[in-house]
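Worksheet: the structure to be examined is printed underneath.
The values are calculated or read from the model by the stated rules, or taken from the named source; none is laboratory data. It should be emphasised that the depicted structure is a prediction, and the values quoted were computed from it without experimental measurement. Here the Cβ positions follow ideal geometry from the backbone for every residue, glycine too, while neighbour counts run over all protein chains shown.
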């Protein structure tokens, strides 16, 4: 299964926040750290805020941080939220796509089942297990990435 860049960036943000609990990061600092588009990251962070995974504060001392403990957030739940109903393959689209095999295809059901197994496995993994940096190494609050 291939995740969208939207989900990839969302996971990176959450992993980074989990690695520095209580620290507030700006999207600009995270975009620099990850070497990704700030504009795209702002959209991702907006979805994470809307999902209740991240809290955001504007102004002096502002930034984003995890809304709840990283031990209470499963990777499966995050991926379900960020991927939404993105079709795994063309025939999973609402309109059925244009695959000529669709009427008698035996692959669709297997792919659907495999996706569910994939997500159920990730449901067993809390975000804290993927925190970055691992073990919260160093004084993260003094790192250039954490500067507001």
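Within the span defined as the stretch 87-110, every residue fails to be in contact (Cβ under 8 Å) with a residue 24 or more places away in the chain, loosely packed, with under 14 Cβ neighbours inside 10 Å, in contact with a helix residue (DSSP H, G or I) (Cβ under 9 Å, 6 or more places away or on another chain) and under 23 Å from residue 43 (Cβ atoms).
Take residue 45 and decide whether it is surrounded by fewer than 20 Cβ atoms within 10 Å (Cβ to Cβ), under 25 Å from residue 2 (Cα atoms) and touching a strand residue (DSSP E or B) at 6+ places or on another chain (Cβ under 8 Å). Considered against the rule, which asks whether it is surrounded by fewer than 20 Cβ atoms within 10 Å (Cβ to Cβ), under 25 Å from residue 2 (Cα atoms) and touching a strand residue (DSSP E or B) at 6+ places or on another chain (Cβ under 8 Å), residue 45 comes out as no. Would you confirm, using the coordinates I've provided, whether residue 71 is farther than 15 Å from residue 9 by Cβ, in a helix (DSSP H, G or I), at pLDDT 95 or above and in contact with a helix residue (DSSP H, G or I) (Cβ under 7 Å, 6 or more places away or on another chain)? Answer is yes for this residue.
Scoring residue 82 on the criteria (1) touching a helix residue (DSSP H, G or I) at 6+ places or on another chain (Cβ under 7 Å); (2) under 17 Å from residue 133 (Cα atoms); (3) surrounded by 14 or more Cβ atoms within 10 Å (Cβ to Cβ) leaves a single failure, condition (2). Sort through 73, 117 and tell me the only one that's out of contact with any strand residue (DSSP E or B) (no Cβ under 8 Å at 6 or more places or on another chain) and either under 23 Å from residue 47 (Cβ atoms) or exposed (fewer than 14 other Cβ atoms within 10 Å of the Cβ) (or both). One residue alone meets the criteria, 117.
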